[in-house]
Amino acid sequence: MGYRIGVDVGGTFTDFSIYNTISRKLIHYKRSSTPDDPSCSIVTGLAEILEKENIQAADIEYLAHGTTVATNALIEKKGDTIGLITTYGFKDLMEIGDQKRPSLYDLLRPKPVSLIHPGARWEVHERILYDGSIRQPLQEQDVLDGIAHFKKMGIRSIAVCTLFSFLNPIHEQKIREIIRREYPEAYVSISSDLVHEFREYARMSTTVLNAYLGPIMKEYVENFRESIKGAGVSVSPFVTQSNGSIISIDETIDCPIRTAVSGPSAGVIGAARIGKQCGLNNLITFDMGGTSIDVSLIQDGKANVSFERMVEGYPARIPMIDIVTVGAGGGSLAYVDEGGALKVGPRSAGAKPGPACYCRGGEEPAVTDANLILGKLNPKRILGGRMSIDEKRSISVIKKVICQKTDLSIEDAAAGIITVVNSNMVRAIRAVSVERGYDPRQFTLVAFGGAGPLHACEVAEEIGIRQVLFPPSPGTLCSLGLLMADTQFDLSRSRLTIVNQKNLSIINKLLSDLALDGQRLLDTQKIPELHRCFRFGFDCRYEHQNYELTVEINKDELNESDLNDLKKAFGNAHEHAYGYQDKERPVQIVNYRLSAIGLSDKPQIGHIQECSVSVPKENEVRQVRFEKQCKYIETPVYLRDDLPSDCVLQGPAIIEQMDSTCVIPPGWIALSDQYGNFLVERKEKNEDA
C-alpha cells in the first residue's frame, strides 16, 4: 500500500494531506507550527499521523513540503554573510540599481537594506562582449586575492555575476572552480546558473539573493532530510517552488531563491485543480492563514506567472506565480493608533503566543479573537475538538486594548476589527484584478486557508463578486496542492529577434536548443517520456520599447503562419495591458522561454454520499453577528462531515470542520456538489431572504 503526503508549513499551523493510492482516501491533519525549527512540526506531525492511521513509514512513496524558511530569512534579514565578485567597474551596481523607483517622487525614501557584507564587493579584471566573445581574459590572481580577502572577513557565501555571462559563462564557471578549490567551505552562486537573460542589475540581484539564502536553506533541508530518514521515511522529499511545481532537495540547495514564495504557490495549484473539477476556469484565490492573506488570479485554468518580482526591495528574476500578500490573517493583531483609528496588522501573533483565546500568553487582540466574540467560531474547541479555546480571554484583551481607548463596546470593537481586516483584503483582490485590467465580478473567489472561508463571502460582497467556492478541506488546500504539483524546469534565453520570415531559422534553432536542455533536465529526474510536456513562451515588445509581455505559442518549431499568430497574440496582450496595439510596428522577441514539465499522478478525489433530504439537520444554533449587521442573528451550525452532496443551505449558516470554518452570511445560498465542494452565491436583491 502506498501513501503520498503533502506538508505545508505556515506561520501558525502546519497542514498535512495524506493520499492512499490504493483506496483513494484523503486524510487531512493540522498541528501547531514550531517557528524556531519548522522541521520539528513536520516530523512530530508525521509521527502522530502514522500512529493514528496505522501507516508504516516504509509505505510512504512521496513526500513534498512547502516551506517559509527562505521567505522568513529574507523578511527577518537572517541570511548569511555574503560577498560579491563582479567585473571591474561594476561593484556598486547593487547600490545604483536601475531607473525603477518604488515611489518616483519620494527622494527621501530609504533604500532596501544591503544584503552584501560591508567591504565585501570584489572586482576582477575580465570582459565578455555583447556577442559572447572575450575581450579580456579572466585574471585569476584577482580571484585568488578576493578569496583571501573574504576568508579574513569570515564571508561564508559568495555571489558571482559578471557582464554578459548569460551569453558566455566561461569566466563565471572558472571563478566558481577557483573558489571551490581554495575555499571549499564557502557556498557559491553564479548568475549564469540562475538567469540566462540580459539586464545585469536583475541578474546580479537574483544571484545575491540566492547566495544570501544558500547556507541557511542548505542547513535546513539537509536537517529535514536527515530527520525524515530518522522517522523511517526512505523516500527523498521534494520542496515546492515559487512557480507551483516541485524540485528535489539538491535543486533546492543549488537554487533556494526558487522557494522564496513557495508556500502560497501550492494553494494556487490546488485551487486551479478544484476549479477545473467544478467547471470553473476563472478564479481569484483567497488564501487566508494565521499570518497573512495570499491572493492570486487564475484565468482559463492557468495561474498568472510573473518572471520578475520584487523580494524585500530587490528584483528576483525567476518565474513565480503572481501572488499578492497582505499582512491580514487570523493572528493579525488589532490596535488603536496615535490618531485614535482602529488598525489591524501587519503584526501577527503567529503560532506563539497566538491569539489570546488560545491561552498561550497572547495579550493583544487578534482577528481570531474578534471572530470568536461575534459567534463565527466555535466558542469552546477548534481543530475537530483537539484544541480548547477561551472566549473570556478574547473579551479581556479587546476590552483592554481597544475599548478602553475608544467609546466602542466589546461587540462593536470586534465588528470593527473584522471590517478593517476585510478592507485590507479587498485591496489585495483589487491589486491582482482591477489594477491589472481584470473585472473581479467575472471571477469566482476560491476561499481556503484556515481563516479564508470565515471572511470570503463578506469580502466578495464588498468587491462585487457574486460566487464563492469552498473546497472540501479549505484549511489544508495548500498541502493538498503539493500532491497535485508537477516537476517543472523553467528555462530562458535572451536574443533580440524581429518576428519575420527572415529570422524564422534563428527562432527555431533557439527553440530546439531549449527543448534539448529541457529533455536533459527531465532525464535527471527520471521522468517517463509519456509524462513529459513542454510549454514555449516569448517575451515580446514593439521594437524600441523597454519592457516585454509574455505570450505562449506551444510549438517547438514555428512556420510563417505561427509567426503571424505570435504577432497577433502579442498585439492582443498589449491592448489588454495598455489599451492599444500597433499592427504596423515590428514585434521583437527579447527572451525565449520553455517550461519542461514532468506530469505527476494526481489524487483522484472520490464522490461523497448523496443527500436524502434537501436541508440536513443543524448541529446547534448560535447567535452570530455578521458584517454590516448591528444585532446578533440566530444562525444554524452544521458539521461538514454530516453534509452530503446536493444539499442546500440558506444563509445565515455556519459550517464547522477540523481544518476551517465556513461562514454563509444572510443573503447567500450554498449548494454542495458530488465532490464535497460548496458553491456559494449571492442572491439577487429581489429574491426572498
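The values are calculated or read from the model by the stated rules, or taken from the named source; none is laboratory data. As the structure is a computational prediction, the values presented were derived from the model and not from experiment. We place every Cβ from the backbone using ideal geometry, glycine too, and count neighbours over all the protein chains shown.
For Ile398, state whether it is buried (at least 21 other Cβ atoms within 10 Å of the Cβ), part of a helix (DSSP H, G or I) and in contact with a Pro (Cβ under 8 Å, 6 or more places away or on another chain). Yes, satisfied. If only residues of segment 5-36 that are without any contact (Cβ under 8 Å) to a residue 40 or more places away in the chain and farther than 28 Å from Arg347 by Cα are counted, the one that is surrounded by the most Cβ atoms within 10 Å (Cβ to Cβ) is Ile18. Being in a loop (DSSP other than H, G, I, E, B) and modelled with pLDDT of 90 or more is the filter here; which residues of segment 278-306 pass it? Cys278, Gly279, Leu280, Asn281, Asn282, Asp300, Gly301, listed by residue number. On the stretch given as segment 69-92, residues that are of a type in the set (Val, Ile, Thr) and within 16 Å of Ala159 (Cβ to Cβ) total 5. On inspection, Gly244 passes the criterion of being outside any helix (DSSP H, G or I) and surrounded by 24 or more Cβ atoms within 10 Å (Cβ to Cβ). Determine if segment 614-621 includes at least one residue that is out of contact with any Phe, Trp or Tyr (no Cβ under 6 Å at 6 or more places or on another chain), under 30 Å from Met387 (Cβ atoms) and in a strand (DSSP E or B). Within segment 614-621, one or more residues are out of contact with any Phe, Trp or Tyr (no Cβ under 6 Å at 6 or more places or on another chain), under 30 Å from Met387 (Cβ atoms) and in a strand (DSSP E or B).
Taken over segment 545-587, the residue count meeting the criterion of being among the polar types (S, T, N, Q), in a helix (DSSP H, G or I) and within 29 Å of the chain's Cα centre (by Cα) is 1.
Of all residues in segment 625-636, none satisfies being surrounded by fewer than 21 Cβ atoms within 10 Å (Cβ to Cβ), farther than 26 Å from Glu411 by Cβ and either not hydrophobic (A, V, I, L, M, F, W, C) or not assigned by TED's automatic domain parsing to the domain that holds Tyr29 (or both). Listed here are the strands (runs of 3 or more DSSP E) enclosed by segment 420-517 that have at least 2 residues being assigned by TED's automatic domain parsing to the domain that holds Asn564: 487-498. For segment 407-420, the count of residues that are under 24 Å from Val295 (Cα atoms), at pLDDT below 95, of a type outside the set (Asp, Glu) and surrounded by 24 or more Cβ atoms within 10 Å (Cβ to Cβ) is zero.
Any residue at all in segment 130-141 that's buried (at least 17 other Cβ atoms within 10 Å of the Cβ), touching a strand residue (DSSP E or B) at 6+ places or on another chain (Cβ under 9 Å) and touching a residue at least 40 places away in the same chain (Cβ under 8 Å)?
Our first condition is that a residue be buried (at least 17 other Cβ atoms within 10 Å of the Cβ); within segment 130-141, this holds for 138.
Still in the running and touching a strand residue (DSSP E or B) at 6+ places or on another chain (Cβ under 9 Å): 138.
Now narrow it down to the ones that are touching a residue at least 40 places away in the same chain (Cβ under 8 Å): none.
Among the residues of segment 130-141, not one is buried (at least 17 other Cβ atoms within 10 Å of the Cβ), touching a strand residue (DSSP E or B) at 6+ places or on another chain (Cβ under 9 Å) and touching a residue at least 40 places away in the same chain (Cβ under 8 Å), which makes the answer no.
Evaluate segment 59-73: report whether one residue or more is at pLDDT 90 or above and surrounded by fewer than 17 Cβ atoms within 10 Å (Cβ to Cβ).
Keep residues of segment 59-73 that are at pLDDT 90 or above, which gives 59-64.
Among the residues that remain, those that are also surrounded by fewer than 17 Cβ atoms within 10 Å (Cβ to Cβ) are: 59, 61.
The answer is yes, given that some residue of segment 59-73 is at pLDDT 90 or above and surrounded by fewer than 17 Cβ atoms within 10 Å (Cβ to Cβ).
Take the conditions (1) in a helix (DSSP H, G or I); (2) touching a residue at least 40 places away in the same chain (Cβ under 8 Å); Ala272 misses just one of them, which is (2). When the residues of segment 310-341 are narrowed to those that are farther than 18 Å from Cys403 by Cβ, outside any strand (DSSP E or B) and out of contact with any Asp or Glu (no Cβ under 9 Å at 6 or more places or on another chain), which ends up modelled with the lowest pLDDT? Selected residue: Glu312. If you filter segment 524-549 down to residues that are closer than 21 Å to Asn508 by Cβ and in contact (Cβ under 8 Å) with a residue 60 or more places away in the chain, you find that the one that is surrounded by the most Cβ atoms within 10 Å (Cβ to Cβ) is Asp539. Taking the criterion of being surrounded by fewer than 15 Cβ atoms within 10 Å (Cβ to Cβ) and at negative phi, would at least one residue in segment 586-596 satisfy it? Yes, segment 586-596 contains at least one residue that is surrounded by fewer than 15 Cβ atoms within 10 Å (Cβ to Cβ) and at negative phi. Among the residues making up segment 534-586, a single one is among the hydroxyl-bearing types (Ser, Thr, Tyr) and touching a strand residue (DSSP E or B) at 6+ places or on another chain (Cβ under 6 Å): Thr550. Is it the case that Arg156 is surrounded by fewer than 22 Cβ atoms within 10 Å (Cβ to Cβ), within 16 Å of Val143 (Cβ to Cβ) and of a type in the set (D, E, K, R)? When the stated conditions are applied, Arg156 does not pass them. For Asn304, are the conditions met, namely being surrounded by fewer than 24 Cβ atoms within 10 Å (Cβ to Cβ), touching a helix residue (DSSP H, G or I) at 6+ places or on another chain (Cβ under 8 Å) and free of Cβ contacts under 8 Å to residues at least 24 places away in the same chain? For Asn304, the condition - surrounded by fewer than 24 Cβ atoms within 10 Å (Cβ to Cβ), touching a helix residue (DSSP H, G or I) at 6+ places or on another chain (Cβ under 8 Å) and free of Cβ contacts under 8 Å to residues at least 24 places away in the same chain - is not met. From the list Glu61, Glu76, the lone residue that is among the acidic types (Asp, Glu) and either out of contact with any Phe, Trp or Tyr (no Cβ under 9 Å at 6 or more places or on another chain) or within 23 Å of Arg309 (Cα to Cα) (or both) is Glu76.
How many residues, within segment 187-235, are in a loop (DSSP other than H, G, I, E, B) and either surrounded by fewer than 20 Cβ atoms within 10 Å (Cβ to Cβ) or hydroxyl-bearing (Ser, Thr, Tyr) (or both)? Residues flagged as in a loop (DSSP other than H, G, I, E, B) and either surrounded by fewer than 20 Cβ atoms within 10 Å (Cβ to Cβ) or hydroxyl-bearing (Ser, Thr, Tyr) (or both) within segment 187-235 amount to 6.
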